[in-house]
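See below for the structure under consideration.
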Amino acid sequence: MFERYKEELQELKQNFCDRKLISLKKAGKYIFEENKKYLNLSSNDYLGIAEDRKILKNFFKIADFSMGSASSRLLTGSSYVYAKLECLLAALYRKEKALVFNSGYHANTGIMSSLLSPKDVVFCDKLNHASILDGIKLSGAKMFRYKHLDYEHLEELLQKNRNDYDTAIIVTESLFSMDGDIADLNRLIELKNKYRAIFVVDEAHAFGVYGNRGLGLAEEQNCIGDIDLIVGTFGKAIGSMGAFCTGHEILINYLINKCRPLIFSTAIPEINIAFSYYVITEVIPNLKQERKELIKTADRLKEKLTSLGLKTTGSSHIVPVILGENQTAVNVSKTLINNGYYLLPIRHPTVAANSARIRISLRADISYEEIASIPDLISKTINV
Ligand SMILES: Cc1ncc(COP(=O)(O)O)c(C=O)c1O
């Protein structure tokens, strides 16, 4: 009865594309597996907050919250703790309202599937995250995927197709999670205005890291006010769990009424919501220097990779090294792990076929000196 699944699993293995769950222990920037110690360069804990015991201890001194919400947000899962976080976010972004979700996946699938219908159209960067694509698929709207960061291509598609549909959405990540490159939000705002589209920006990997107050790349590019919905997640740089969107009151009220992942799932516990609030108000404002250092480390690493002829993209703390075949990425990953760097291969379908890579997720508590040997290790492995 399960023969079909077994065959597919075998095929994945033959293509070096099978995945497994690992049992590991984390302590700060390190991972321990079977008593071996590795630098953790595969997480999204960009500021080292999730595993910072000092921050956790300080938080728990003031924390008196439940570990289970026992209900959807629309029943009794919501509370003043949620309201406080949502008010804070709306105020920080100077938007009318904010809404907290259980995760970025819930937020994106929910936003796309509720705001779009089969009469509508969405223009989506080719490399947008799976959660955005899944939400669009659920909505039944017509989707046009423009070439990654190619706004001439986007305008061609808008010109040809925009008027055939009711509502239009343009959606992009601000910092692309697998390539580390950055959208030109102001250019997208011009297009959104010209073609009457709602503009949605997913700041999952930028929230906490970029911008003067850590609000993300919209803050850095000085265009928060022109974006209709900004999405951010708490499970990455914030070191907590959950997500939010912020924007016009009508859009947020509509989501409260229509967004199925919000309505039909138990709300995450108050303790996480309170921790996100704590990190945004008490921790991030004190990490300005760390955030600067993180970007400097990334620049140095990229310079070294490029000098060795290795292919890297982007201009952020996410540093991919594009290797091509799955097997190459698997081999490079093994070498790096053997040398104390926890770097897992990224393969199709997470990235396009034949663009398997190592994605070095830098963190503020790891210095350049600690990772300086990575480029040589990669270069030697692929040149043997
Ligand atoms: C761009 C982007 N958006 C959304 C998500 C989903 O967020 P979460 O992990 O909170 O579900 C991710 C996850 O990696 C992501 O990379």
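Read-outs: derived from the displayed coordinates by stated rules, not from any lab. Only a predicted model underlies this, so the values are computations on that prediction, with no experimental measurement involved. With ideal geometry, Cβ positions are generated from the backbone for all residues, glycine too; neighbour counts draw on all protein chains shown.
With neighbours defined as other Cβ atoms within 10 Å of a residue's Cβ, the residues Leu39, Leu88 order from fewest to most as Leu88, Leu39. The alpha carbon centroids of segment 166-228 and segment 231-283 are separated by 18 Å.
Computed from backbone phi with θ = phi - 60° and the Karplus coefficients 6.51, -1.76 and 1.60, the 3J(HN,Hα) list for segment 134-144 is 5, x, 5, 4, 4, 6, x, 6, 6, 10, 10 Hz; x is used for glycine and proline. Think of the chain as having a plus end and a minus end, set by charges on the Cβ of Lys, Arg, Asp and Glu; of Leu287, Ile22, Gly324, Ile22 sits farthest toward the positive end of this dipole.
Would you tally the net charge around Ala63, using a Cβ to Cβ cut-off of less than 13 Å, leaving Ala63 out, and scoring K and R as +1, D and E as -1? Spelling it out: positives minus negatives among the neighbours equals -1.
Our summary gives segment 57-285 a relative contact order of 29 percent, counting only alpha carbon pairs under 8 angstrom and 6 or more residues apart. For the peptides 253-261, 335-343, 205-213, the ranking by mean Cβ contacts within 10 Å, running from highest to lowest, is 205-213, 335-343, 253-261.
3J(HN,Hα) along segment 180-189, derived from phi through the Karplus expression 6.51 cos²θ - 1.76 cosθ + 1.60 where θ = phi - 60°, amounts to x, 9, 10, 7, 8, 5, 5, 5, 5, 5 Hz, with x in place of Gly and Pro.
A simple spin-label model places the labels of Thr76 and Glu282 2.8 nm from each other, with each point 7 Å out along Cα-to-Cβ. Put in order of Cβ neighbour count within 10 Å, fewest first, the listed residues Cys245, Cys17 become Cys17, Cys245. A crude spin-label estimate for the pair Thr266 and Ile22, with each label 7 Å from Cα along the Cβ direction, gives 3.0 nm. Note on Lys57 and Leu88: the model spin-label points, each 7 Å out from Cα along the C-beta direction, lie 2.2 nm apart. Where in the chain lies the longest segment free of GluC sites (Glu not before Pro) that are both loop residues by DSSP (not H, G, I, E, B) and have at most 14 other Cβ atoms within 10 Å? Excluding the exposed sites themselves, the longest stretch runs over 97-384. With 20 Å as the limit on Cα-Cα distance, the pairs of Lys302/Lys380; Lys296/Lys380; Lys29/Lys54; Lys142/Lys192; Lys26/Lys236; Lys304/Lys380 that go past it are Lys296/Lys380.
Rounded to the nearest 20 debye, the dipole size of segment 57-285 about its Cα centre is 540 debye, using +1 on the Cβ of Lys and Arg and -1 on the Cβ of Asp and Glu.
Of all DSSP-defined beta bridges confined to the chain, some 60% are antiparallel rather than parallel. Around the Cα centre of the chain, unit charges on the Cβ atoms of Lys, Arg, Asp and Glu (plus for the first two, minus for the last two) sum to a dipole of about 560 debye.
Taking trypsin sites (Lys or Arg not before Pro) across segment 75-121, the ones in a DSSP loop with at most 15 further Cβ atoms lying within 10 angstrom of their Cβ are Arg94, Lys119. FRET efficiency for the pair Glu249 and Arg213, taken as 1/(1 + (r/R0)^6) with r the Cβ-Cβ distance and R0 = 22 Å, rounds to 0.45.
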